[in-house]
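J.: This is the structure I want to talk about, given as structure tokens.
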Amino acid sequence: MDLPPAQMPRRHDNELERVSKIREQDEVEAQNQLLRAQRDARIYNEDIEPEHETEQFCSCSICDYRRFKTKRSGIHDLWSRATKYPGEKTYNDLYGGSWSDPYANVTSPYFKAPYRNPCITSDNYRANVLETIQINNRLNQESQMRIDSLEPRQSIWPFAASDDFAPAKHTGGFLANLLHHSDGHKLKVESGIKCDEDLANAILREEGQRWWDADTRRIVATYQENVGMTRKIADLRENQPIQYLHLLRAGYFEPIPTRWSEQASNPLKFEINAAGGWRGITPAWRGYEDLAEERLYWLQMARDRMARAVPPPAEYFDPRDQCHIQHTSKGYSNQVVQTEFTPFDDAEVPSDDTMILLDVSGSMDFQPQRPRYENLLITGYDYTTQPKNKDVAKAIVRRFTQAMAKHDHHRKQSGYDLVTFSSQAKYVGRLSNASFEYVWQNVQVGGGTRVMTGWQKVKELHFKKHSQSATHHPVL
């Protein structure tokens with residue numbers, strides 16, 4: 001049955017999203033081409049580009065990668081224009097690099113001499129890494145300072161004095177009144193932002209198209225509050241509107257779109273490569289591996305969590321833990337201590353629906369290997385006594401069900417829903433301390449790694465269990 005027109009999914013579009021859909025088409029193949037070329041050349045450091053011993057093309061994997069990379073130059077240009085900030089120059093490393101390439105003079109990891117094939121040396125690679133880090137840090141600082149200097153000196157909001165439109169004084173303050181104002185305010189958005197009024201109109205237009213109804217705005221406001229970013233986002237909107245608009249267009253202030261979970265390639269997997277000119281979203285994008293890592297660290301959640309890590313207490317010790325059985329380590333790594341839980345309600349409510357999402361991709365069954373280093377250069381791998389990831393995961397989940405066994409007695413249905421993901425997602429069953437071994441025997445390892453498919457399965461289970469109170473959104 002068709003949805004009523006007011007509930008039909010809105011397919012929002014902007015330049016960045018259009019370019020992302022183009023880049024999605026061959027991003028995975030580009031990364032696979034590079035991995036094949038590196039593997040055939042026995043290059044183990046992911047940031048080293050394979051080079052051919054001659055300038056002529058042949059049918060080897062290195063030349064295949066070079067041809068494919070050159071073929072993507074048009075996508076590179078589109079992506080650069082869609083992600084750059086005002087006044088920034090774009091560049092690439094094709095055909096010897098462009099004139100604006102700030103990494104053009106970085107020491108190559110390859111030692112090159114007349115009448116000799118180029119070869120990677122540990123000294124050259126170490127110099128390459130250190131120089132790249134230094135340039136990354138300098139350019140990140142310069143980029144942030146430059147865009148900060150371009151921000152308006154005073155508020156761009158003509159309604160700033162109004163309690164209704166002023167940036168959020170409470171959760172979702174400006175979201176709650178967004179469409180009321182943008183519907184009644186004529187937008188004048190041109191091809192470029194020429195004045196404060198155009199900037200304000202561009203933001204209003206983008207917000208109105210992205211968050212088109214009350215349900216969407218409520219979901220976005222709840223997301224911002226749950227990740228602890230409500231104040232930061234409101235401050236960006238008021239004091240750094242250029243950066244706010246840039247991040248808004250990239251979807252930084254809302255949950256990840258559902259469609260990403262159904263795709264083998266999505267923007268979170270897009271590579272960031274400063275030396276190659278593949279840009280990120282934030283002003284200080286250089287140094288991140290991909291857009292997912294950049295977004296995670298922009299949220300500050302990863303840094304905040306690491307800062308709270310401390311050695312676990314003595315009572316945490318269990319001689320049956322995998323690290324003691326299969327790996328003779330000195331002890332546990334630092335852990336984040338959770339705040340003390342005070343039970344307030346025995347009945348499960350939608351906000352108290354704990355599930356377990358487990359990676360069962362093929363890499364979980366690999367025999368762990370330790371890289372062999374010469375300076376920073378990886379020259380090979382050696383097998384170690386470290387347990388396989390699947391064994392570590394089993395031990396962690398077992399400890400969790402043991403710790404929660406007492407709490408299970410007070411629940412209407414004991415245990416926790418277990419969902420696994422690899423190339424596909426699967427609901428395994430209800431896992432508890434009592435049923436652990438019985439349920440765990442249905443866990444199968446193998447396949448690729450598509451975490452978004454697992455996340456989508458968890459959401460579907462949640463909506464099914466709490467259909468009367470949960471909100472299903474057609475896009476987010």
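J.: Once the Cα atoms of the stretch 67-140 are picked out, what are the Rg and Dmax in Å?
T.: 14.9, 46
J.: Share of the stretch 370-469's accessible area from carbon and sulfur, percent, 1.4 Å? Can you show the working numbers first?
T.: Working: 3070 of 6030 Å².
Heavy-atom surface of the stretch 370-469 belonging to carbon and sulfur, 1.4 Å probe: 51 percent.
J.: Show the residues, 5+ positions off or on another chain, whose built amide H is closer than 5 Å to the amide H of residue 416.
T.: 431, 432
J.: Also, I was wondering about something else. For residue 278, enumerate residues with amide H under 5 Å from its amide H, sequence gap 5+ or separate chain, H modeled in the peptide plane.
T.: 273
J.: Quick check: Cα centre of the stretch 107-143 to Cα centre of the stretch 433-476, how many Å?
T.: 44
J.: Tell me, in nm to one decimal, what length is gained between residue 151 and residue 468 on full extension, where the rule is 0.36 nm per residue of separation less the Cα-Cα distance? Could the numbers behind the result be given before it?
T.: Numbers: separation 317, 0.36 × 317 = 114.12 nm, distance 4.51 nm.
Extending this stretch completely gives an extra 109.6 nm.
J.: At what distance in angstrom do the alpha carbon centres of the stretch 237-312 and the stretch 25-71 lie from each other?
T.: When both Cα centres are located, 27 Å separates them.
J.: Can I get the semi-axes of the stretch 363-409's equivalent ellipsoid? Compute them from the C-alpha gyration tensor as square roots of 5 times the eigenvalues, in angstrom, largest first.
T.: Details: eigenvalues 254, 21, 9 Å².
That gives 36, 10, 7 Å for the three semi-axes.
J.: Then there's this: At 0.36 nm per residue, and after removing the present C-alpha to C-alpha distance, how many nm does the segment from residue 355 to residue 370 gain when stretched out fully? It would help to have the intermediate numbers written out before the result.
T.: Values: separation 15, 0.36 × 15 = 5.40 nm, distance 3.25 nm.
Full extension of this stretch gives 2.2 nm more.
J.: On a 23 Å Cα-Cα criterion, which of the cross-link pairs 269/459; 390/465; 426/459; 388/457; 21/464; 269/394 come out too long? Could the numbers behind the result be given before it?
T.: Details: 269/459 21 Å; 390/465 29 Å; 426/459 13 Å; 388/457 26 Å; 21/464 31 Å; 269/394 27 Å.
Too far apart for the 23 Å limit: 390/465; 388/457; 21/464; 269/394.
J.: A further question on this structure: To the nearest 10 Å², what's residue 455's accessible area with a 1.4 Å probe?
T.: Its heavy atoms expose roughly 130 Å² to the probe.
J.: While we're on this one: Want the number for residue 57 to residue 433: 0.36 nm per residue separation, take away the alpha-carbon distance, what's left?
T.: Values: separation 376, 0.36 × 376 = 135.36 nm, distance 5.98 nm.
Here the answer is 129.4 nm.
J.: Check which residues have an amide H placed less than 5 Å from residue 111's amide H, if you skip close sequence neighbours.
T.: 119, 120, 121
The values are calculated or read from the model by the stated rules, or taken from the named source; none is laboratory data. Here the structure is a predicted model, which is why all the values come from computation and not from measurement. Just the protein is used for accessible areas: all its heavy atoms, side chains included, with ligands, DNA and RNA removed. Shrake-Rupley method; radii C 1.70, N 1.55, O 1.52, S 1.80 Å.
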